[in-house]
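Here the structure is laid out as structure tokens; the discussion comes afterwards.
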Amino acid sequence: MTPIASRTIVWLTLPPLLWAGNAIVGRLMVGSVPPVTLNFLRWLLAALLLLPLGWRILRSTSPLWPRVRRFAGLGLFGFLSYNSLQYLALQTSTPINVTLIAASMPVWMLVVGRLRYGEKAGAAQLAGALLSLLGVLLVISRGSWHTLLQVRLVPGDLYMLLAVILWSVYSWMLARPSDRSAQEWHWSEFLLAQIVFGVAWSGAATGLELTFTDQRVQWSPAVAAALAYIAIGPSLIAYRCWGIGVAAVGPAIAAFFGNLTPVFAAVMSAALLGEPPSWFHGAAFALIVLGIVVSSRR
């Protein structure tokens, strides 16, 4: 059993911190920016920022175009589906609940890995996934196990659960490509190739949102600052670090580090939204971190 390198731990810890900030910003933007539109503007700005580094991948002679189906899938699952559903979830749920539901990710990583790729889970991964799931159940039940069967999830909680399942598909697609030659591209090209399709999917979804709802962007300096943050931090920086971490240890183990997101989200919620965590949030955090410790040896 070889411990994970300290550098890899850093790569896998930074994205949860930035994604927790993304959940807080998404909550703050409720009423100012429609959720699907927020996702589209995020990735459009990220694409423009990344374009000076990765523009070569968009040339007509680029090796991207023979791989259109794969990158269209990555854009669909990793850039449209997960992020739009998360912003939609934050319309009716809290950042703490949303990120804690996302802590069920190790379970779905193992399920997708087994069903799609025949990947068998080790005892440490199963134990870690169980601990993380117990943490999720604890916060959903609000610390009262006998009321768990009476829990009624708000729509946002269900949206987030679907988002986590689709993110698991995306992470396995990253780790197990059918053609590994794309992994040799410059990181900016590899990321921009995904974002371009994410922008295309998100643009189409935004058109539907604007057509069938009366929500519109309420522009302000705060909205502009929020867009700048989510386009740079949770998008470019976090996705780059996550890609490195997944490549190093695989999506199943990386998912446990993703469970640090609710820890960071609770601290930020208390400081910025006036939503302090309760005792059962602390207990859930302890279970999640214990799951990381148990599963962090491969």
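A short reminder: the numbers here are calculations on the coordinates, not readings from a lab. Small disclaimer: the values here were computed from a predicted structure and weren't measured. Note: ideal-geometry Cβ built from the backbone for every residue, glycine included; neighbour counts use all protein chains shown.
Helix screen, the chain: DSSP H segments with Cα axial length of 20 Å or more and mean Kyte-Doolittle hydropathy at least -0.5 are 6-28, 35-54, 123-140, 155-175, 187-212, 279-295.
Using a simple spin-label model with pseudo-atoms 7 Å out from Cα toward Cβ, Leu273 and Lys120 lie 4.2 nm apart. Taking a ≥ b ≥ c as the square roots of the eigenvalues of the Cα gyration tensor, the range 9-53 is oblate, since a/c reaches 1.5 or more and a/b is not larger than b/c. About its Cα centre, the dipole of the range 6-295 is roughly 520 debye, where the only charges are +1 on Lys and Arg Cβ and -1 on Asp and Glu Cβ.
Here the peptides 230-241, 52-63 are ranked by packing, the mean other Cβ count within 10 Å, and the order with the highest first is 230-241, 52-63.
A simple spin-label model places the labels of Leu210 and Ala247 3.6 nm from each other, with each point 7 Å out along Cα-to-Cβ. Of the labelled options [x] 29, 25, 16; [y] 26, 22, 21; [z] 38, 27, 18, which one gives semi-axes √(5λ) of the Cα gyration tensor in Å as computed for this structure? Computed from these coordinates, semi-axes √(5λ) of the Cα gyration tensor in Å corresponds to label [x].
When the Cα gyration tensor is reduced to axis lengths a ≥ b ≥ c, the ratio a/c is 1.5 or higher for the range 1-87, and with a/b not above b/c it is classed as oblate.
Once you sort the root eigenvalues of the Cα gyration tensor of the range 188-270 as a ≥ b ≥ c, which label holds: rounded (a/c under 1.5), prolate (a/b larger than b/c) or oblate (the other case)? The shape class here is oblate. Report note on the peptides 216-227, 248-259, 106-117, 25-36: ranked by the mean count of other C-beta atoms within 10 Å, highest first, their order is 248-259, 25-36, 106-117, 216-227.
Computed from the C-beta positions of Val68 and Val111 and an R0 of 41 Å, the FRET efficiency is 0.90 to the nearest 0.05. So if R0 is 35 Å, what FRET efficiency would Ala224 and Glu184 give, r being the distance between their Cβ atoms, rounded to the nearest 0.05? With R0 = 35 Å, the Cβ-Cβ based efficiency is 0.40.
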